[in-house]
Amino acid sequence: MSEYQQQHSPTAYGQDGDALPPVEQHAQQYEAVRNAHETELIEDYVELIGDLLRHRGEARAADIATRMAVSQATVSKMIRRLNELGLVTSKPYRSLFLTEEGQKMAETSRTRHDVVLHFLRALGVDDSTARIDAEGMEHHVSDKTLTIMQRFTEQQRT
C-alpha cells in the first residue's frame, strides 16, 4: 500500500472506518456555515459603506451598486434592511452613515478581511486572487483560525 493510500484509507480517519466526522462535529460544521451565510451579505455592505466613508468621505447608493456590481434597487432593499437592523442611517438623496453598531461591525469585518488577505499574500497568492478569495473566506474563518493566520503572517514579515 502506498503512503497516500495509507494516509487516506478509512482506518486513517477512525477506528470504525467511517471517513465522516462524528455526528455532533459534522452538525456544528454545517451550522457554522449557515450562520456565516446569514450575516455575510450584511457584513459586506457595512464594510463597504465604512470603507467608502473612510476613503471618499461619503457612501452613496450608486457607488455601492457600482462596486458590488448590483442594481440600485438591490442596494435600496439592503439599505432598508440595514436601517431596520440599526446599522445605518440614511436620508433621501444623501450619503449613508453607519450607526455605532454599524461602525463596530464594519471595523470587525475590515480587520477579518485584512488578516485573511495578508495571510493569502504571505502564502504567495497573487494580489488579484487573494482579494477575491479573501472576500468570501473572511466570513467563514473561526476566530481561532484567524489568530493563527495573523500569527503566521507576522512571522513571515520578520
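The values are calculated or read from the model by the stated rules, or taken from the named source; none is laboratory data. Given the structure is predicted, the values throughout are model-derived calculations rather than measurements. In this analysis, Cβ positions are derived from the backbone assuming ideal geometry, glycine residues included, and neighbour counts consider all displayed protein chains. The protein model used for the area step is the full one, side chains on, heavy atoms only, and it has no ligands, DNA or RNA in it. Shrake-Rupley method; radii C 1.70, N 1.55, O 1.52, S 1.80 Å.
Ordering Leu48, Leu98, Ser76 by the projection of their Cα atoms onto the charge dipole of region 42-130, which places +1 on the Cβ of Lys and Arg and -1 on the Cβ of Asp and Glu, puts Ser76 at the extreme positive end. For region 55-158, carbon and sulfur atoms together expose 50% of the accessible surface, with a 1.4 angstrom probe and every protein chain in place.
Volume of the convex hull of region 41-100 (Cα atoms only), normalised per residue: 75 Å³.
Taken over region 31-158, the percentage of Cα pairs per 5 Å bin, counting from 0 up to the bin with the maximum distance, is 2, 10, 19, 21, 19, 13, 9, 5, 1, 0.
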